[in-house]
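K.L.:
So that we are looking at the same thing, I have put the structure below in structure tokens.
Bear in mind these aren't lab numbers, they're just calculated from the coordinates by the rules spelled out. Not measured: the values here are computed from a predicted model. Cβ sites come from the backbone with ideal geometry, for glycine too, and all protein chains shown count toward neighbours.
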Amino acid sequence: MIPAVVVFAYLAVVLGIGLFAGRTAERPDAEDYFLAGRAIGPVVFLLSLFGTNMTAFSILGASGHAFANGIVTYGLMASSSALIIPLGIFVIGTRLWALGKRHGFMTPVQMFRDRWECGHIGTVIFAVQAVLLVPYVVIAVMGGGTTLRAVSDGLVPYWLGGAVVSLVVMGYVFFGGMRGTAWVNTFQTILFLSFGAIAVAVIAAGMGGFRTAIEGMLASPSAPLLTRERVSPLYFFSYTFIPLSSIAFPHIGIFCLTARRLGHFRRTVILYPVCMLAIWLPSVLLGVVANRAVDVPSIRTKLEARATLASIGSTLSPERRTQLRAEASGDDVILRLVDAYAPLWLASLLGAAVMAAVMASDSQILALSTMFTEDVFAYYGGQARFGPAVQVQTGRMFVVALTIVAYAIALSAPQSIFDIASQYAFAGYSALAPLLVAALFWKQSTKWGALAVAVWTAAAVAAVAMLQSIVAAPPPGVTVPVWSIGSLHVIARVAAGTTVLGFLPVVPMTLMSAFLMFIVSRATAASVPAAATLAKYEV
């Protein structure tokens, strides 16, 4: 229980930081609570923005995916993200900041409503964004439960670990708002940025050196994990669309509004790829070499479950396949390595560092709270009727409700952290990226084009979720055709989710969104906003 006690102590420190930050607020209004008074400094801005993006997906999800699929995991996400995410922050984030500063926007939906002169369509966009962000919050709860269960060797059950993390995050977001969230994220980012190098050095020593481990993999059936063999070219290409979701996430857009000066973005854009390297490279490397850690009982069990799925998985019942997939899951593999090869005191500290990355769901929860209070409560007269104090309290109540919903979903989530994020949250927000591009850079875009994108995205994500609930996931390496034309599999079910013509759903979803924005806006050219409105967006 010693590592678990250290992690619990870490959670107490984090909660204290968030509560203290909330007490430093200068004025109890919505802008201060939700945007920290637009006064975040350069260091906190960089570390918080990066930490907000690096959730359980980046350490637990990346290492788990690499455990099953190999070194290709780094190419799938980190390579394209290191270019596209900073580019999105530079091109779109700076423009959002300037417009927010000039016109007082606190959420992207406020900008959409003003830019396209629409009302209820903005509410539809809010609803779609809110639903799509829930999976991102869910994976943080899953990561918290997984981490505490692993570091305590099962003494803290998954459901309790998830509940503790949910309560801590809810606590400092509830009382600290954006200022508390930013301070906590800064502290957590420093902690988990230091995790990679230390974990790699310690685990390498315990395994007799990574050179030995890699050479052993090359001479074993695990050799394909060191190539791109397990991922098709179309699947690999699909992941270049995933980073488009980053700037479209409302918590990233809202966080861009908190910077004190435009110059804060310069350092963030330059250093973001370096920070990604520091997180993703160790996580992926540790996930890959875990395949050689057969002396660790829990990892050996995972490898045996994976081998069973690969050999006779197609003959097993869907329930048994689901059970074996859970046993083979690598979401906790990095924690198992730390537990096996690091001294107890170091394993405790590394467990806290992993928890730091897991808990980055705070920004998503706060973003949804901000959107609800600004885009629904305030827009429909709540602020005018009840005042700003009630608006802030409403936001806090929304934080509580959202955390409870996310926790309930996390208890029954059947997929891995990596797959949940990529199939739902990332895919949906990548498909919403044309909204931002059109609003900021295309004067001829209309509210009806925006509505078409929102409805299409919601329908596409719902269709993927429904398909995956009806057609059970096959064993790894097996493709189950759902709709074929001749020998061409138009829609198919695979172990990691769904493919469309061999691509992940994010590709057709994003391309169709861009097409709908263009064609519907052209068809409704009479709805182009007035020249005075368009002039407001010339930055």
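K.L.:
With each label point set 7 Å from Cα along the Cα-Cβ vector, what nm distance links Ala326 and Arg267?
P.N.:
Output for this residue pair reads 4.6 nm.
K.L.:
Let me spell out the model: positive unit charges on the Cβ of Lys and Arg, negative unit charges on the Cβ of Asp and Glu, origin at the Cα centre of the chain. What dipole size does that give, in debye rounded to 20? Please list the in-between numbers first.
P.N.:
Numbers: 32 positive and 21 negative charges, 177 e Å.
In total the dipole reaches around 860 debye.
K.L.:
What whole number of Å gives the distance from the Cα centroid of the range 136-215 to the Cα centroid of the range 430-497?
P.N.:
Rounded to whole Å, the Cα centres lie 31 Å apart.
K.L.:
Just want the answer: with Cβ charges of +1 for Lys and Arg and -1 for Asp and Glu, which residue in Val399, Tyr74, Tyr33 is farthest toward the dipole's positive end in the range 2-535?
P.N.:
Tyr33
K.L.:
Which order do the peptides 203-212, 104-113, 508-517 come out in when sorted by mean C-beta neighbours inside 10 angstrom, highest first?
P.N.:
Values: 203-212: 15.3, 104-113: 23.1, 508-517: 19.6.
So the peptides 203-212, 104-113, 508-517, ranked by packing, come out 104-113, 508-517, 203-212.
K.L.:
Which of the listed residues, Leu488, Ala352, Ala454, is farthest toward the dipole's positive end in the chain, when Lys, Arg count +1 and Asp, Glu count -1 at the beta-carbon?
P.N.:
Ala454
K.L.:
While we're on this one: Rounded to the nearest 0.05, what FRET efficiency do Ser317 and Arg522 have when you use their Cβ-Cβ distance and R0 = 41 Å?
P.N.:
Numbers: r = 51 Å, r/R0 = 1.25.
E between Ser317 and Arg522, to the nearest 0.05, is 0.20.
K.L.:
Still on this structure, I have one more. Working out 0.36 nm times the residue gap between Glu538 and Trp159, then minus their Cα-Cα distance, what length gain in nm do you get to one decimal? Don't jump to the answer; show the numbers that get you there.
P.N.:
Values: separation 379, 0.36 × 379 = 136.44 nm, distance 5.01 nm.
Result for the pair: 131.4 nm of gain on full extension.
K.L.:
Round to the nearest 0.05 the FRET efficiency obtained for Phe441 and Val274 when R0 = 25 Å and r is the Cβ-Cβ distance.
P.N.:
Working: r = 28 Å, r/R0 = 1.14.
After rounding to 0.05, the efficiency reads 0.30.
K.L.:
On to the next question. Going by the alpha-carbon gyration tensor, a ≥ b ≥ c the square roots of its eigenvalues, is the range 469-539 rounded (a/c under 1.5) or, if a/c is not under 1.5, prolate (a/b greater than b/c) versus oblate? Before the final figure, lay out each step's value.
P.N.:
Details: a/c = 4.54, a/b = 2.97, b/c = 1.53.
In terms of gyration-tensor shape, prolate.
K.L.:
Project the alpha carbons of the chain onto their principal axes and report the range along each, largest first, in whole Å.
P.N.:
Cα spread of the chain along its principal axes, largest to smallest: 68, 61, 39 Å.
K.L.:
When you count, for each residue, the other Cβ atoms within 10 Å and take the mean per peptide, how do 449-456, 93-100 rank with the highest first? Please list the in-between numbers first.
P.N.:
Working: 449-456: 22.9, 93-100: 21.1.
Peptide ranking by packing, descending: 449-456, 93-100.
K.L.:
Let me ask another. Counting pairs on different chains as well as pairs 8 or more places apart, how many Lys pairs in the chain have Cα atoms under 30 Å apart? All intermediate terms of the calculation are to be shown ahead of the outcome.
P.N.:
Numbers: Lys101/Lys443; Lys101/Lys447; Lys101/Lys536; Lys443/Lys536; Lys447/Lys536.
Within the chain, the lysine pair count is 5.
K.L.:
Which whole-Hz couplings ³J(HN,Hα) result when phi for each residue of the range 41-54 is put into the Karplus expression 6.51 cos²θ - 1.76 cosθ + 1.60, θ = phi - 60°, listed in order with x for Gly and Pro?
P.N.:
Once rounded to whole Hz, the list reads x, x, 5, 4, 5, 4, 5, 6, 5, 5, x, 4, 7, 8.
K.L.:
If we sort 372-382, 269-279 on the protection proxy, mean other Cβ atoms within 10 Å, highest first, what's the order? The partial results should precede the final answer.
P.N.:
Values: 372-382: 19.4, 269-279: 17.3.
Per-residue mean Cβ counts within 10 Å order the peptides as 372-382, 269-279.
K.L.:
Compare the Cα positions of Ser220, Thr533, Gly22 along the charge dipole of the chain (+1 at Cβ of Lys, Arg; -1 at Cβ of Asp, Glu; about the Cα centre) and return the one farthest towards the positive end.
P.N.:
Thr533
K.L.:
Using +1 on the beta carbon of Lys and Arg, -1 on that of Asp and Glu, and nothing else charged, what's the dipole of the range 214-312 about the Cα centre, debye to 20? Write out the running numbers ahead of the final one.
P.N.:
Details: 10 positive and 4 negative charges, 100 e Å.
That gives the range 214-312 a dipole magnitude of about 480 debye.
K.L.:
Next question. Kindly provide the helix-only [θ] at 222 nm of the chain, computed as the sum of -39,500 (n - 2.57) over DSSP H runs of four or more divided by all residues, to the nearest 500 deg cm²/dmol? Mind showing how you got there, number by number?
P.N.:
Numbers: 27 runs with 364 residues, N = 539.
Mean residue ellipticity at 222 nm (helix-derived): -21500 deg cm²/dmol.
K.L.:
For Asp295, Asp339, what's the fewest-to-most ordering of other Cβ within 10 Å of each Cβ? Could the numbers behind the result be given before it?
P.N.:
Working: Asp295 11, Asp339 21.
Final ranking by Cβ density, sparse to dense: Asp295, Asp339.
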